[in-house]
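For reference, the structure discussed in these notes is given below.
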Amino acid sequence: MKHRSIALAHLNHYNTLLTNNIQRYGFCPEYLNLTQEAKITETRLLCQSRGIFFLLEQAKITHDTTNIVQAFNLYDMISEVYYDKNSTTWHRQPQTTPHESDIMLYEYAFILTALAKLYAHSKDQVILERIFSTAEIIHQQFYSPNSNFAKLNKSPTGVGQNALMHLFEAYLEAYISSTQSYFLDQLNQLGSEIMTLFYNPKAGLIKEYSAANIFEPGHSFEWAALIYEASLHGSELTNTIAHSQLAVQAEKSGVVNNYLVLAEIDENTVKKAANFRIWPSLERLRYYAMTDNQSAVDKTVMALCAKFFAPTGLPVEYINQDYQASEFKVKSTTGYHLINCFKYLI
């Protein structure tokens, strides 16, 4: 493919940094390029679940068994350090009390996704059982169908969509890896409820909160990609909203002339956030690559590589209004967006 060498180079740079950190610490630290010693007690479960995701998806591309071994070693580690065997619940950080519902649902969604990826590689029935038990905890503590998201509602913004979007993604990954119809049913039900509550027909975008007309165009691109992918596996959500329609509006409202995606806008398309972040541009590129829009891919790859990658080939998380890097900390969580995007260019 046209941009294969660019995608491979960036993924390989990131993979080297990530795997070196895992070899050094035995876990994925929050940041991969800092000199101070990382502490697991200050590191989120999210770093581990997204690390597992990256390692296994990268292994599909490179066929490097080292990545697979590291992914399963991370799983063994989090099962001992982040998992409470008595209550069968997960902790956001080791030895911490539970956080707010939407924060913990975000963690649970990515654990479910990581478990699905691990099961796809191993077909280990113990992992499949943990997938179902994790899904049950989600139902009990965070979300169950036809509950109006009551456990996630908080004043004044209402319900947040981000954790729910990643739960939708987790159900999709669980269905793809297990072929259990239960997860397709959950996916369709959740997707329908999300679109009813968060889709703003006037703006043509997905709201960030049920009670506030704030939009992150990157999330609408991400939703477009998820809706499209889900449709390939039998999801009914395309009957509710067209992925192409969502992407067109995200492009119109959220992309500036140099092909960068605004971080946040209001209902009048007024930009609300000062910095640009890498992940919205990656999600935009992901959607166009998935749907084979080569013209949009070409333009987006050029803008992305020019602005969001350092000479070392590593990602730059934030750039300011002058399009300069505002900091250079490489996040272990950014690999999830990198691989989810660049795998469609290879």
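The values are calculated or read from the model by the stated rules, or taken from the named source; none is laboratory data. What you are looking at is a predicted structure, and each value in this text was computed from that prediction instead of being measured. Here Cβ is always computed from backbone atoms with ideal geometry, including for glycine, and neighbour counts include all displayed protein chains. These accessible areas exclude ligands, DNA and RNA; they are computed on the full protein's heavy atoms, side chains included. Shrake-Rupley method; radii C 1.70, N 1.55, O 1.52, S 1.80 Å.
Highest mobility in the GNM of the chain, judged by mean-square fluctuation with C-alpha springs under 10 Å and restricted to E169, E327, E193, is found for E327. For the stretch 66-154, GluC sites (Glu not before Pro) are listed when DSSP marks them as loop and at most 14 other Cβ atoms sit within 10 Å of their Cβ; the list is E100. The residues of the chain have, on average, 41 Å² of accessible surface per residue, using a 1.4 Å probe with all protein chains present. Note: the stretch 176-216, Cα convex hull, 84 Å³ per residue.
Modelled this way, with points 7 Å down the Cα-to-C-beta line, the labels at S87 and H63 are 4.6 nm from one another. Here the stretch 151-224 exposes an accessible surface that is 49 percent carbon and sulfur, computed with a 1.4 Å probe and the other protein chains kept in place. Length available on full extension from Q294 to K329: 0.36 nm per residue minus the Cα-Cα distance, which gives 9.5 nm. Placing dummy labels 7 Å off each Cα toward the beta-carbon, the span from N20 to Q36 is 2.1 nm. For the stretch 7-64, the share of accessible area belonging to carbon and sulfur comes to 48 percent (1.4 Å probe, ligands and nucleic acids excluded). Cysteine residues of the chain whose C-beta has no other cysteine C-beta under 4.7 angstrom: C305, C341.
Sum up the charges of everything whose Cβ sits under 11 Å from the Cβ of L45, counting Lys and Arg as +1 and Asp and Glu as -1, but leave L45 out. Kindly include the intermediate steps, with their values, before the conclusion.
Values: positive: R44, R50, R92; negative: E107.
Combined, the nearby Lys, Arg, Asp and Glu give +2.
Each part reduced to its alpha carbon centroid, the stretch 1-73 and the stretch 307-336 end up 16 Å apart. For the stretch 234-346, the share of accessible area belonging to carbon and sulfur comes to 47 percent (1.4 Å probe, ligands and nucleic acids excluded).
Report note on the peptides 14-26, 278-290: ranked by the mean count of other C-beta atoms within 10 Å, highest first, their order is 278-290, 14-26.
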